[in-house]
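Worksheet: one structure, shown below.
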Amino acid sequence: MTFMPWPSDLMLGIPHVDAQHQHLVALINALHDELDNPIPDRAVVGEVLEGLVEYTHNHFIEEEVMFQRYGYPQATAHTAEHGQFTTQAMNWLLRFEAGEEVDLEAMAFLKHWLLHHILQEDRAYVPFLQAAIAEAGAPGAITSEAPSAC
């Protein structure tokens, strides 16, 4: 059974953000799968944990650029939540590198945090961004990319 399934209610309707969220879920599942082995391979756990920390950091940067681009008023609070999670994830990585194990409590936290963050915090910015784009008359999907020069 999959530790963290990807139900359709996690889709925000922003294709690049949804794809990133799906990748984060896949990394969490890969970490859980390795930890669920009778004898987890520390090298694999470390590699997946490092990938999770790096990918999450990059995803947060993309979201924050999107907030800045469209003037999202809750950006400060949302960014602070990103910072708290990044600190927690880095602490796990540093403790793991110091010889500690990643436990099921950490896995439960990852699952709960990401589900809550997508369903509550991320879902909250979607209507604002859609309205900001419509108001600006900007065609196309919500993006974190800079507008192209014409």
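No lab work stands behind these numbers, since they all come straight from the coordinates. Quick caveat, the model's predicted, so the values are computed rather than measured. No Cβ is skipped: glycine too gets one built from the backbone with ideal geometry, and neighbour counts run over all protein chains shown.
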Derived scalar couplings ³J(HN,Hα) [region 131-136; Karplus, 6.51 cos²θ - 1.76 cosθ + 1.60; whole Hz; x for Gly, Pro]: 5, 4, 5, 4, 5, 6
Relative contact order for the chain: what is it in percent, counting Cα pairs under 8 Å that are at least 6 residues apart? 31 percent
Separation between the E135 and E101 pseudo-spin-labels, each 7 Å from Cα along Cα→Cβ, expressed in nm? 5.2 nm
Do the sum for the chain: with -39,500 (n - 2.57) for every DSSP H run of n ≥ 4, divided by all residues, what is the mean residue ellipticity at 222 nm, to the nearest 500 deg cm²/dmol? -23000 deg cm²/dmol
Whole-Hz Karplus couplings 3J(HN,Hα) for region 67-72, θ = phi - 60° and coefficients 6.51, -1.76, 1.60, Gly and Pro as x, run 4, 5, 4, 9, x, 4
Applying 1/(1 + (r/R0)^6) with R0 = 22 Å to the Cβ-Cβ distance of T87 and L119, what FRET efficiency is obtained, to the nearest 0.05? 0.50
Report ³J(HN,Hα) in whole Hz for each residue of region 88-100, in order, from the Karplus equation J = 6.51 cos²θ - 1.76 cosθ + 1.60 where θ = phi - 60°; Gly and Pro get x. 4, 5, 5, 4, 4, 4, 5, 5, 4, 5, 8, x, 6
log10 I(q)/I(0) for region 13-136, Debye formula on C-alpha points only (no solvent), q = 0.16, 0.21 Å⁻¹, two decimals, reads -0.79, -1.21
